[in-house]
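Comments concern the structure below.
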Amino acid sequence: MNSRFEDIIELGNPILRKVSRKISFPIHKNIRELINSLMQLVGKNEWMGFSAPQVGKSKRIFIIASHPNEIYPNAPKVEPFVVINPKFLEKSDEKLQEWEGCVSIPGIRGLVSRSKEIYVQYQDKDGDTVKREMSGFLARIFQHEYDHLKGKLFLDRVTTLDNLMSEKEYRKRILNS
């Protein structure tokens with residue numbers, strides 16, 4: 001893996017607040033390399049999702065890789081897939097409020113309200129257009145990663161500071177309850 005993509009950008013770095021640039025097809029070798037690096041990072045760390053801005057690249061790309069784990073034991077198992085130039089076609093008015101965390105904001109969890117169901121369009125790594133419905137946890141991951149491309153973080157969606165807690169406290173109070 002190319003080492004220049006191994007540093008994770010964290011809260012406070014201005015790139016996390018930039019709107020990402022659209023990808024043109026056919027994709028350049030550097031973009032293919034970025035996609036491969038994102039996939040490797042997600043696989044190696046078993047993350048649910050990860051976006052290009054989180055490695056310092058302001059590009060409209062993210063990975064979704066849902067699977068059950070200690071924090072999300074009921075997460076659906078989905079093979080990792082690449083999302084390029086995503087957009088929402090529809091979002092349900094019905095919202096679900098759940099706890100979220102982010103690799104770029106280590107040690108913090110927040111209670112975030114997001115649309116329960118979404119209908120989206122994006123391109124895969126070959127440039128083919130994909131239209132897909134998602135609900136529940138997958139819809140949450142998509143919306144979280146999409147926010148990164150818009151320069152937003154889950155902290156921006158927390159409605160009150162009472163809906164924030166440390167990872168340690170989350171594990172004690174929420175996971176062990």
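The values are calculated or read from the model by the stated rules, or taken from the named source; none is laboratory data. Not measured: the values here are computed from a predicted model. Note that we place each Cβ from the backbone using ideal geometry, even for glycine, and neighbour counts take in every protein chain shown. These area figures cover heavy atoms from the full protein model, side chains too; ligands, DNA and RNA do not enter into them. Shrake-Rupley method; radii C 1.70, N 1.55, O 1.52, S 1.80 Å.
Tallying residues that are without any contact (Cβ under 8 Å) to a residue 60 or more places away in the chain and within 28 Å of ILE174 (Cβ to Cβ) within region 41-59 yields 7. Here PHE62 meets each of (1) farther than 20 Å from LYS150 by Cα; (2) touching a residue at least 60 places away in the same chain (Cβ under 8 Å); (3) touching a strand residue (DSSP E or B) at 6+ places or on another chain (Cβ under 6 Å) with one exception, condition (1).
Inside region 108-147, can you point out the residues that are basic (Lys, Arg) and over 30 Å from TYR170 (Cα atoms)? Selection gives LYS125, LYS131, ARG132.
Does region 64-79 include one or more residues that are over 28 Å from LYS168 (Cα atoms), among the aromatic types (Phe, Trp, Tyr) and modelled with pLDDT under 95? Checked against the condition, which is being over 28 Å from LYS168 (Cα atoms), among the aromatic types (Phe, Trp, Tyr) and modelled with pLDDT under 95, region 64-79 yields no hits at all.
Evaluating ALA75 against the criteria (1) in contact with a helix residue (DSSP H, G or I) (Cβ under 6 Å, 6 or more places away or on another chain); (2) under 21 Å from SER24 (Cβ atoms); (3) touching a residue at least 60 places away in the same chain (Cβ under 8 Å) leaves one unmet condition, (2). Exactly one residue out of LYS44, LYS29 is of a type outside the set (A, V, I, L, M, F, W, C), open to solvent by 80 Å² or more (accessible area, probe 1.4 Å) and modelled with pLDDT of 90 or more, and it is LYS29. Quick check: is even one residue across region 22-32 more than 16 Å from LEU138 (Cβ to Cβ) and of a type in the set (S, T, N, Q)? Scanning region 22-32 turns up at least one residue that is more than 16 Å from LEU138 (Cβ to Cβ) and of a type in the set (S, T, N, Q). Of the residues that make up region 158-173, is at least one in a strand (DSSP E or B) and open to solvent by 70 Å² or more (accessible area, probe 1.4 Å)? No, region 158-173 contains no residue that is in a strand (DSSP E or B) and open to solvent by 70 Å² or more (accessible area, probe 1.4 Å). If the condition is being of a type outside the set (S, T, N, Q) and either surrounded by 15 or more Cβ atoms within 10 Å (Cβ to Cβ) or more than 11 Å from ILE84 (Cβ to Cβ) (or both), then region 130-144 contributes LYS131, ARG132, GLU133, MET134, GLY136, PHE137, LEU138, ALA139, ARG140, ILE141, PHE142, HIS144. If you filter region 62-80 down to residues that are of a type outside the set (Asp, Glu) and touching a Lys or Arg at 6+ places or on another chain (Cβ under 9 Å), you find that the one that is farthest from GLN123 (Cα to Cα) is ILE71. Looking across GLY151, GLY127, one residue alone is surrounded by fewer than 17 Cβ atoms within 10 Å (Cβ to Cβ) and touching a helix residue (DSSP H, G or I) at 6+ places or on another chain (Cβ under 7 Å). It is GLY151.
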